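Trainee: I have a structure I would like to understand better, so I am pasting it below and will then ask my questions one at a time.
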Amino acid sequence: MIEPDNLRDTKLALSNEAGAIPALGFGTLIPDPIATKNATGAALEAGFRALDTAERYRTEKEVGEAMQEVFKAGKVKREDVFVATKLWNTNHRPERVKPAFEASLKKLQLDYLDLYLIHTPFAFQPGEVQDPRDSSGNVIYDKGVTLLETWGALEKLVDEGKCKAIGLSDISLEKLKEIYEAATVKPAVVHVESHPYLPEWELLEFCKKNGIVFQAFAALGHSSQPRLPEDPVITSIAKRVNKTPAQVLLAWAVQRGTALLTTSKTPSRIKENFDISMLPEDAMKEISEGIKTRQRFNSVVQTGVPGFIPREK
Ligand SMILES: NC(=O)c1ccc[n+]([C@@H]2O[C@H](COP(=O)([O-])OP(=O)(O)OC[C@H]3O[C@@H](n4cnc5c(N)ncnc54)[C@H](OP(=O)(O)O)[C@@H]3O)[C@@H](O)[C@H]2O)c1
């Protein structure tokens, strides 16, 4: 049994005086728009103060509506919520960055963003089609722009004051180093898949050393196989500390110094996922060192095409 504590309120400082990001974050990659709006509202009611969306998820409008309802009801203030969204692959050309950013802001009904991420390091053919393909079905990449040029356009958004922090998503350590070394405004956040089956220790170490917040998505393994919440190490710790497997996984992520994103359409799980407490040191060690399974659930890092390996229910 562990005592209630304030692990859920953990915040991580951002570089470039951009404030701090709540470690416990709620993701809105939910295919159904009504479910997205309801889940976002429920997450704010449950206590989540960091939200993640993306142009590509097509959920910005619903996230915006849910936030407005909660703000108007006086329950939460805009400045108390950390809102992040992402630039899609078809908008990497520098002249497309600001219009894409402003379109996202408008859908979110906000006048500034806390964090803007480059969704993937892959540039796709610019245009309105989010998944451009040739006649053989292959993705059409854009060779006319580098990631550093796109980064430069994001730096301008920070200079203009409309965006507090900028970062990179689905990035390798090698590519991160390139941008980190060349950047004027250093990446404040790196947002990648991570959980005990994909701990990314080397990337985390680089981030910690260089003042970059590491934000882990799919913190519960996205309900994919092999199911992380059913891992025997996780279930035995959960029993021991009288918490659920999901709460153990989320606590592990926060205690090892990362921010995280979890998602649920289910109100009871949303509350459960906010109700985390510190794990004892031996449990932290068992998860970090005792779990040997290695599994990536999302292949987006390889091609820039979003895609969780299909869930087996
Ligand atoms: N940058 C990228 O390329 C990228 C890619 C993927 C995701 N993301 C971001 O990361 C966020 C989180 O990713 P994710 O959806 O994979 O998160 P996740 O939390 O690992 O997985 C969500 C799944 O876990 C289930 N779940 C949630 N809470 C649970 C609990 N307490 N017990 C048992 N099952 C539970 C949910 O089911 P129910 O909904 O049925 O409750 C849902 O099926 C996304 O929403 C998105 O914002 C970013």
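Trainee: May I ask you to list pairs of residues, at least six apart or on different chains, whose Cβ atoms are under 6 Å apart, with the first in segment 39-61 being farther than 18 Å from ILE166 by Cα and the second being among the basic types (Lys, Arg) and within 11 Å of the ligand (Cβ to nearest atom)?
Mentor: ALA39/LYS265; ALA46/LYS271
Trainee: Examine segment 191-203 for a residue that is over 21 Å from PRO22 (Cα atoms), free of Cβ contacts under 8 Å to residues at least 60 places away in the same chain and of a type outside the set (Phe, Trp, Tyr), and state whether such a residue exists.
Mentor: yes
Trainee: OK, next. Could you pull out the residue among LYS156, LYS106, LYS177 that is among the basic types (Lys, Arg) and within 30 Å of LEU228 (Cβ to Cβ)?
Mentor: From the options LYS156, LYS106, LYS177, the qualifying one is LYS177.
Trainee: Can you tell me which residue is farthest from LYS11 (Cα to Cα) among those in segment 207-230 that are more than 10 Å from the ligand (Cβ to nearest atom) and buried (at least 17 other Cβ atoms within 10 Å of the Cβ)?
Mentor: CYS207
Trainee: Only one of these is part of a loop (DSSP other than H, G, I, E, B) and surrounded by 14 or more Cβ atoms within 10 Å (Cβ to Cβ): PHE122, PHE101. Name it.
Mentor: PHE122 is the lone residue from the list that is part of a loop (DSSP other than H, G, I, E, B) and surrounded by 14 or more Cβ atoms within 10 Å (Cβ to Cβ).
Trainee: For the list (1) at pLDDT 95 or above; (2) surrounded by 14 or more Cβ atoms within 10 Å (Cβ to Cβ); (3) not small (Gly, Ala, Ser), I need the number of the one condition that GLU281 fails.
Mentor: Evaluating GLU281 over (1) at pLDDT 95 or above; (2) surrounded by 14 or more Cβ atoms within 10 Å (Cβ to Cβ); (3) not small (Gly, Ala, Ser) leaves (2) as the failure.
Trainee: Within segment 235-253, can you find the residues that are surrounded by fewer than 23 Cβ atoms within 10 Å (Cβ to Cβ) and either without any contact (Cβ under 8 Å) to a residue 12 or more places away in the chain or β-branched (Val, Ile, Thr) (or both)?
Mentor: Residues satisfying the conditions are THR235, SER236, ALA238, LYS239, VAL241, THR244.
Trainee: Here's a follow-up. Hey, among the residues in segment 256-298 that are among the small types (Gly, Ala, Ser) and more than 10 Å from the ligand (Cβ to nearest atom), which one's farthest from GLU205 (Cα to Cα)?
Mentor: Ranking the candidates gives SER277 first.
Trainee: Same structure again: Having 2 or more residues that are within 21 Å of PHE214 (Cα to Cα) and within 12 Å of the ligand (Cβ to nearest atom) is the bar; report the strands (runs of 3 or more DSSP E) wholly within segment 5-66 that clear it.
Mentor: In segment 5-66, the matching strands (runs of 3 or more DSSP E) lie at 24-27, 50-52.
Trainee: Report, ordered by the first and then the second residue, all pairs with beta carbons closer than 7 Å, sequence separation of six or more or different chains, a first member in segment 261-280 that is under 10 Å from PHE48 (Cα atoms), and a second member that is part of a helix (DSSP H, G or I) and of a type in the set (Gly, Ala, Ser).
Mentor: Note: pairs meeting the criteria are ILE270/ALA39; ILE270/ALA42; ILE270/ALA43; ILE270/ALA46; LYS271/ALA46; ASN273/ALA246; PHE274/ALA46.
Trainee: Only one of these is touching a residue at least 40 places away in the same chain (Cβ under 8 Å) and out of contact with any helix residue (DSSP H, G or I) (no Cβ under 8 Å at 6 or more places or on another chain): LEU105, LEU87, LEU113. Name it.
Mentor: None of the other options fit; the residue is LEU105.
Trainee: For residues in segment 166-185 being of a type in the set (S, T, N, Q) and under 15 Å from LEU154 (Cβ atoms), which is nearest to the ligand (Cβ to nearest atom)?
Mentor: It comes out as SER169.
Trainee: Select from segment 67-87 the residues that are crowded, with 16+ Cβ neighbours inside 10 Å and in a helix (DSSP H, G or I) and write down the one among them that is farthest from the ligand (Cβ to nearest atom).
Mentor: The selected residue is PHE71.
Trainee: Going by what's in this entry, would ILE237 be described as within 16 Å of the ligand (Cβ to nearest atom), in contact with a helix residue (DSSP H, G or I) (Cβ under 9 Å, 6 or more places away or on another chain), closer than 26 Å to LEU51 by Cβ and at pLDDT 95 or above?
Mentor: So ILE237 fails the test.
Trainee: Of the conditions (1) surrounded by fewer than 21 Cβ atoms within 10 Å (Cβ to Cβ); (2) away from the ligand (no atom under 16 Å from the Cβ), TRP151 fails just one. Which one is it?
Mentor: Failing condition for TRP151: (1).
Trainee: Still on this structure: Can you tell me how many residues in segment 153-179 are of a type in the set (Gly, Ala, Ser) and under 17 Å from the mean Cα position of the chain (by Cα)?
Mentor: Qualifying residue count for the region: 4.
The values are calculated or read from the model by the stated rules, or taken from the named source; none is laboratory data. None of these values were measured; they are calculated from a predicted model. Because the Cβ atoms are built from the backbone with ideal geometry, glycine has one as well, and the counts that use them run over all protein chains shown.
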